[in-house]
1. Return the calculated 222 nm mean residue ellipticity for chain A, to the nearest 500 deg cm²/dmol, obtained by summing -39500 (n - 2.57) across DSSP H runs with n ≥ 4 and dividing by the residue count.
2. Within 12 Å, Cβ to Cβ, of B:R24, how many net charges do the neighbouring residues add up to if Lys/Arg are +1 and Asp/Glu are -1?
3. For chain A, what mean projected area does the convex hull of the alpha carbons give, in nm²?
4. Please state the Cα pair-distance histogram of segment A:2-82 with 10 angstrom bins from zero: what percent is in each bin?
5. With axes computed from alpha carbons, what is the tilt in degrees of helix A:70-82 against the longest principal axis of chain A, rounded to the nearest 10 within 0 to 90?
6. Testing the spin-label approximation: label points 7 Å from Cα along Cα→Cβ at B:M1 and A:T83. State their distance in nm.
7. If you average the alpha carbon positions of segment B:130-170 and of segment A:126-154, how far apart do those two centres end up, in angstrom?
8. Please arrange A:D139, B:D137, A:D134 by how many other C-beta atoms lie within 10 Å of their C-beta, fewest to most.
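Only the coordinates and a few stated rules stand behind these numbers; no lab work does. The structure displayed is predicted, hence computed values, not measured ones. Cβ atoms come from the backbone with ideal geometry, glycine included; neighbour counts cover every protein chain shown.
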There are 2 protein chains.
Amino acid sequence: MSLRHALLGLLSERPASGYDLLKRFETSLATVWPATQSQIYTELTKLAAGGLITVAAEGPRGRKEYAIADGGLAELRHWLTETKPQRNTRSDILLRVFFLGVLKPEQARAYLAGLVEMSEQGHEELRLLAESIDWGDDDLSVYGRIALEYGLRFNAMRREWAEWAAGQIR
Amino acid sequence: MSLRHALLGLLSERPASGYDLLKRFETSLATVWPATQSQIYTELTKLAAGGLITVAAEGPRGRKEYAIADGGLAELRHWLTETKPQRNTRSDILLRVFFLGVLKPEQARAYLAGLVEMSEQGHEELRLLAESIDWGDDDLSVYGRIALEYGLRFNAMRREWAEWAAGQIR
DNA sequence: TTCTACATGTAAAACGTTACATGATTTC
DNA sequence: GAAATCATGTAACGTTTTACATGTAGAA
């Protein structure tokens, strides 16, 4: 049920239309919480029906600009402070590792080499993104920077691990 | 669609019943690919209907022992070598970080402190697990060890990151 | 005028979780 | 004989993905 919280979170920053939010999901949230257009519009309708957000303005082409309501902000804070994050996230990358024994050693190493490359690319993309942003000391900058740093460290860790792992296979 | 591959992977090691497989999902695969009893039994029926696995033996209490068929092994190898792993995994842990700005700084730091603790616990659990296993040099040992090492490094990385992040919040 | 971007909505299918339902064998 | 474990199956519900469907406004 985190999609609704992701939407509330984005709307807590500033009012936005479904279309605006979709763009945010495709960029900053893409690596953390992917969501489709279909899902976003459906959930916005439900949130508005529940009074957690309101239609603050209507624009051209049927544009509806949503704003977070007091109840929505309370729900967002409740989620952040009172509910525990899920520990288990599915990782098909790691799941595959368990079964590499059915492949020939060189195929298993090739898989791990692919992970090295994926991690390098991921790291580089984030590095460029970090460079392109003019970081201030507002909330978005501070927490955006923290999330981005996680990505950098994660990719570096995975790269080193995959290199080490390839060396374990004889 | 990775549940079917997880099942094929486990059955490639040795024949097993739905019940046996459920236990494997609750232990070794729990952190990587959680699955419920309901899901497992349903998928096994489908895999058997598709000829990717067979009922190799029947035991007491209606026990059905499944074995992987040639087609299933081919499908498993195809998945491992020809399909790309998903990059984006949802992380509600990281999603929350984006929105910590709606909390008071001390609440945000408390959240990150919780992540430090979670990572320490995760690390410790894996360390004990690693100690308790008698590692050989068979496939399962080699790849199981590699997957476990990932968990250790991941938890260490996350712990250090969360500590650093808490220091970024004024 | 044509293309691109803006903008929304719904339906069907696939996947995942929770709950219900049942019963046999083994162990104490 | 009771309790724990082994063992399977299905129904209802919620979430996610893919696909279909439609139309407007602005830019070139």
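1. Result for chain A, helices only: -22000 deg cm²/dmol.
2. Within the 12 Å Cβ shell, the charges total -1.
3. About 12.6 nm², averaged over all directions.
4. Binned Cα distances yield the sequence 19, 56, 24, 1.
5. The angle comes out near 30 degrees.
6. 3.1
7. Going from one Cα centre to the other spans 25 Å.
8. Exposure proxy ranking, most exposed first: A:D134, B:D137, A:D139.
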